[in-house]
Amino acid sequence: MRLLGAAILLCLVDVLHAFAIEEKGDVFKRMACPGFVMFDNAAYLADMTFELPCNCKPEEVSSVIWYFQKSMGSHETTVLTDFAGTVFVDSGHIHAGSNILKRFSIRMFSLIVFRAQVTDSGHYLCGTKKGDFFYGYDVDVQPTKHITVAFLDRGQHVQDDYTEKLFSLFTTFWDWTRCDRCGVRGEQRRIGLCYVRSIQLHPRYRAAVPNVTSCGSRAVPAHFQRLHRLRRPEVAIRSCLTPCLKEEVPKEGVQAISNVISKLGEKPWLPRVPTQFHKQPVGVGLIIACPGARPEHAVAWDKDSVRLYRSHYLVGVNKSMRVFIDHGNHLHIQQVQVSDRGTYFCWREGEMVAGFRLSVIYQHQRRQILNDPETIYAVKAIGMSYIVISIIFVIIHMYRCC
């Protein structure tokens, strides 16, 4: 009876899964494509990953192609597809600053761009190989450089709205992140992006609120292009405290076996989290990333038992900082010193997930031997120089004698 019940349950799961896929396909039947392509505004912070769904397409189209343009009417258009709609990218191998052709993927007609850069701002259009366009996006990737930071615990406040005759600037904040640590004092972040309100915005662009768009949108008129100088993205940081989830206690038999194996009932030593061991030479820079973390996640760093709070270690807090955390949640150690050795723990969404054991070593200069390419090159260079000088010396003396 148990096997029969499990089989029935699996069949129901398969039916529901197929129904969900069919429902997703029916979206294109219910939503007709507009006769004139409009651009939906979407704003993100640099280094974030975003997804653009192709919200409409003809039913007979089985695969789509995505096009990228820096601005409307641009003659330079980048094709983001393998002409089959089956591009798969491992986001763990993506590096910041790489070309967008190495940072995208197409899944279920949706375009996914990993670790977006400011240069990725522009128009994204969903269409066909023949050049028929169905849906468009106006993407604004705002920079993290010179971002405005407000530490609320110190009494600092976010930026006030900026108003002029033809437009007004304000910040739209996302929700507070989860507390980045549990059981101890942690921190929360709230990311805010720059937006503009004006009646002079281009009508071909649409947003959730009428006459409102992000500051870097192509809907902003050309004579408003100085907006990015008047206002930048900002982030608010405050302290928080949240309890840790209770861990499951091992069963009585497992606990008894563990006590027998270990000495005097002490648990055998195991790291609290998966730990990676790394050796770094003195004087070389190092950047550590938290596994599975994205810029919008709540991420925290500890060195052994010392908490590296953003109020002291966030980039830009002190210009002479050698160890700091950037806005993409990476830990930077510039010119590694012997005092930097230790274990660096990474918290993600309020849970400690990884450790990084750092050993600092001195680079000993290797003795050169005659078979080394550098030695052979040096000997050839010195020999050729000596021959040339000798020839010049002989020629000068022969000329004087003659």
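The values are calculated or read from the model by the stated rules, or taken from the named source; none is laboratory data. Model, not experiment: these values are computed from the prediction. Because the Cβ atoms are built from the backbone with ideal geometry, glycine has one as well, and the counts that use them run over all protein chains shown. Heads up: the accessible areas ignore ligands, DNA and RNA and are worked out on the full protein's heavy atoms, side chains in. Shrake-Rupley method; radii C 1.70, N 1.55, O 1.52, S 1.80 Å.
Per the listing L152, L125, the residue uniquely within 30 Å of P58 (Cβ to Cβ) and aliphatic (A, V, I, L, M) is L125.
Among the conditions (1) open to solvent by 10 Å² or more (accessible area, probe 1.4 Å); (2) free of Cβ contacts under 8 Å to residues at least 60 places away in the same chain; (3) more than 18 Å from the chain's Cα centre (by Cα), V196 misses just one, which is (1).
Of the residues making up segment 44-54, none is modelled with pLDDT under 80, open to solvent by 20 Å² or more (accessible area, probe 1.4 Å) and farther than 20 Å from R206 by Cα. Among the residues examined, L227 qualifies as at pLDDT 55 or above and not charged (D, E, K, R). Considering each of R115, R206 in turn, give the residue that is under 28 Å from the mean Cα position of the chain (by Cα), open to solvent by 60 Å² or more (accessible area, probe 1.4 Å) and of a type outside the set (D, E). On inspection, the qualifying residue turns out to be R206. Going residue by residue through segment 143-151, is there one that turns out to be open to solvent by less than 40 Å² (accessible area, probe 1.4 Å), of a type in the set (K, R) and assigned to a loop (DSSP other than H, G, I, E, B)? Checked segment 143-151: no residue is open to solvent by less than 40 Å² (accessible area, probe 1.4 Å), of a type in the set (K, R) and assigned to a loop (DSSP other than H, G, I, E, B).
With respect to the conditions (1) open to solvent by 50 Å² or more (accessible area, probe 1.4 Å); (2) in contact (Cβ under 8 Å) with a residue 40 or more places away in the chain, P281 lacks only one, and its number is (1).
Counting the residues of segment 63-76 that are surrounded by 14 or more Cβ atoms within 10 Å (Cβ to Cβ) and modelled with pLDDT of 75 or more gives 8. One residue stands out in segment 312-337 among those that are over 17 Å from the mean Cα position of the chain (by Cα) and open to solvent by less than 20 Å² (accessible area, probe 1.4 Å): the one that is nearest to G186 (Cα to Cα), namely I333.
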